[in-house]
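Data block below; observations after.
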Amino acid sequence: MKHKSGFVNIVGNPNVGKSTLMNRLVGEKISIITSKSQTTRHRIKGIVNEEDFQIVFSDTPGVVKPSYKMQECMLEFSKSALTDADIILYVTDVIENINKNEDFIEKVNQNEAPVLLVLNKIDLTNQEKLEELYGNWQQLIPRAEIFPISATENFNIDNLYKRIIELLPEGEPFFPKDELTDLPARFFVTESIREKILLNYEKEIPYSVEVEVEEFKEDDRRINIMAVIYVERDSQKGIIIGRQGEALKKVGTEARLDIEAFFGKKVFLQLYVKVQKDWRNKERDLKNFGYVQ
Ligand SMILES: Nc1nc2c(ncn2[C@@H]2O[C@H](COP(=O)(O)OP(=O)(O)OP(=O)(O)O)[C@@H](O)[C@H]2O)c(=O)[nH]1
Ligand SMILES: [Mg+2]
C-alpha cells in the first residue's frame, strides 16, 4: 500500500469544540480548551503518524468579524486553512445559530476539498432536534458528509477518523515521522499560561493578554522558565497581579503543573507582568507575538 498524507484543517465558529476535537483526534493535549469563546488564536498543527499514513491536523481560531487587528490576524489563520486543506472539517455544534457566518460557509462551498461537517455536542440535544439540524446543514453545505459527534464524550469520533483516513490522498509525509506538532516548546508554555488566565479572569482581561517566554533553560533535572504577561493598560496589570500577588501566584502554580505534565519534567516558572499599550492594534507587536504570517 502506498503512503498517504494530507492536511486536515479544522474550521468553524468560536466555541463549537474545534480544539477539543483536534486533541481527541491526535490523542494529545495540543490545543488549550476553555468555555470562553476565542480561546484559540493561532493555527496549531497536531500530527498523527502511523507507518502508512501521516495526518496533519490544523486547529484554527473561531471565525469572528474582526473589531481589532489581532482578530484580523486570527481570521487570516482561519482563511489560510481553507487554501491548503486536503480535507476540511467544518465544525459546528447543536447550540450555535445556524445562520451565523454565511460568508465563511460560502468560501467552504467554493472550495474543492472534501468537507466533513462535524455536528458536535450531541450530548446536549435530542434525536428530533438533531435531525432538524442535520437537514438544515445538508442544505447549507450540500456536498458535506455529516458526522454527529460528541468530542467530550468521545462519541462517533472513530467513524470520523476512519473516514479521514479513507479520504487522505497518497503522498510522502510533510513532517518528520516523530513530530507531534510544528510549533516550538515555548509555544506550549505560553498557551498553558494563557489558558490559566482565561480560566481565572473575567470580561476583557483574557482578551487583552499576550504571553511571551523570555527564557527557557533546560538541564538534566528541570526546566527554568521566565515568562512575561503583557496587558494593554496599567489598570489591567493590577488585576492580573491581584491582592498581594495572589491571583498571579494561582496562575503560575496551575500553569506550572500543566507544563510539568507536558514536558514530563520539573519546572521552575517565573512570571512578570508588563504593560504594552494597545498591542492588539499594533502591527509591530502583533508581528513580534507571531500573529503575522
Ligand atoms: N457538552 C459538550 N461540550 C463540549 C463538547 N466539545 C467541546 N465542548 C466544550 O465546549 C467549549 C469550547 O471548546 P473548545 O474546544 O475550546 O472550542 P473551540 O471551537 O476550539 O473554541 P475557540 O478556540 O474559542 O474557537 C469547552 O468548554 C468544551 O469543553 C461536547 O462534545 N459536548
Ligand atoms: Mg479552540
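The values are calculated or read from the model by the stated rules, or taken from the named source; none is laboratory data. This structure is a prediction, so every number in the text was calculated from the model and none was measured. Because the Cβ atoms are built from the backbone with ideal geometry, glycine has one as well, and the counts that use them run over all protein chains shown.
Just checking, how many residues over segment 209-250 are part of a helix (DSSP H, G or I) and without any contact (Cβ under 8 Å) to a residue 40 or more places away in the chain? Number satisfying all stated conditions: 12.
Residue by residue, here is whether (1) modelled with pLDDT of 95 or more; (2) among the acidic types (Asp, Glu); (3) more than 9 Å from ligand 2 (Cβ to nearest atom) holds:
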| position | (1), (2), (3) |
| --- | --- |
| Val8 | yes, no, yes |
| Gly12 | yes, no, yes |
| Gly17 | yes, no, no |
| Leu25 | yes, no, yes |
| Glu28 | no, yes, yes |
| Thr34 | yes, no, no |
| Arg41 | yes, no, no |
| Ile44 | yes, no, no |
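Among the residues of segment 47-74, the ones that are polar (S, T, N, Q) and farther than 21 Å from Val16 by Cα come to 2 in all.
Could you look through segment 1-24, keep only residues that are over 13 Å from the mean Cα position of the chain (by Cα) and closer than 22 Å to Asn156 by Cα, and pick out the one that is farthest from ligand 1 (Cβ to nearest atom)? Per the stated criteria, the residue is Gly6.
Can you confirm whether His3 is away from ligand 2 (no atom under 16 Å from the Cβ) and either at pLDDT 95 or above or in contact with a helix residue (DSSP H, G or I) (Cβ under 7 Å, 6 or more places away or on another chain) (or both)?
Values: away from ligand 2 (no atom under 16 Å from the Cβ): yes; either at pLDDT 95 or above or in contact with a helix residue (DSSP H, G or I) (Cβ under 7 Å, 6 or more places away or on another chain) (or both): yes.
For His3, the condition - away from ligand 2 (no atom under 16 Å from the Cβ) and either at pLDDT 95 or above or in contact with a helix residue (DSSP H, G or I) (Cβ under 7 Å, 6 or more places away or on another chain) (or both) - is met.
Restricting segment 175-208 to residues that are of a type in the set (A, V, I, L, M) and not in a helix (DSSP H, G or I), which is nearest to Ala261 (Cα to Cα)? My answer is Leu180.
Answer yes or no as to whether Gly62 is out of contact with any Phe, Trp or Tyr (no Cβ under 7 Å at 6 or more places or on another chain) and near ligand 1 (Cβ under 10 Å from one of its atoms). Break it down stepwise before answering.
On the way: out of contact with any Phe, Trp or Tyr (no Cβ under 7 Å at 6 or more places or on another chain): yes; near ligand 1 (Cβ under 10 Å from one of its atoms): yes.
Yes: the conditions hold for Gly62.
In this structure, is Asn156 of a type outside the set (D, E, K, R), at pLDDT 95 or above and under 19 Å from Phe57 (Cβ atoms)? Before the answer, list the steps.
Numbers: of a type outside the set (D, E, K, R): yes; at pLDDT 95 or above: yes; under 19 Å from Phe57 (Cβ atoms): yes.
Answer is yes for this residue.
For segment 143-155, which residues satisfy the criterion of being crowded, with 17+ Cβ neighbours inside 10 Å and either free of Cβ contacts under 8 Å to residues at least 24 places away in the same chain or more than 21 Å from the chain's Cα centre (by Cα) (or both)? Of everything in segment 143-155, those that are crowded, with 17+ Cβ neighbours inside 10 Å and either free of Cβ contacts under 8 Å to residues at least 24 places away in the same chain or more than 21 Å from the chain's Cα centre (by Cα) (or both) turn out to be Ala144, Ile146. Name every residue in segment 104-142 that is more than 16 Å from ligand 1 (Cβ to nearest atom), surrounded by 12 or more Cβ atoms within 10 Å (Cβ to Cβ) and part of a loop (DSSP other than H, G, I, E, B), in order of residue number. Passing the criteria: Asn111, Ala113, Pro114, Ile141.
Exactly one residue out of Thr190, Thr152 is within 16 Å of ligand 2 (Cβ to nearest atom) and within 26 Å of Phe104 (Cα to Cα), and it is Thr152. Which ones in segment 25-59 are in contact (Cβ under 8 Å) with a residue 24 or more places away in the chain, more than 10 Å from ligand 1 (Cβ to nearest atom) and of a type in the set (A, V, I, L, M)? If the condition is that a residue be in contact (Cβ under 8 Å) with a residue 24 or more places away in the chain, more than 10 Å from ligand 1 (Cβ to nearest atom) and of a type in the set (A, V, I, L, M), then Leu25, Val26, Ile30, Ile47, Ile55, Val56 are the ones that fit. Of all residues in segment 43-101, those being among the charged types (D, E, K, R) and either in a loop (DSSP other than H, G, I, E, B) or in contact with a helix residue (DSSP H, G or I) (Cβ under 6 Å, 6 or more places away or on another chain) (or both) number 10. Residues that are of a type outside the set (S, T, N, Q), more than 20 Å from Asp158 (Cβ to Cβ), surrounded by 19 or more Cβ atoms within 10 Å (Cβ to Cβ) and within 14 Å of ligand 2 (Cβ to nearest atom) occur at least once in segment 75-86.
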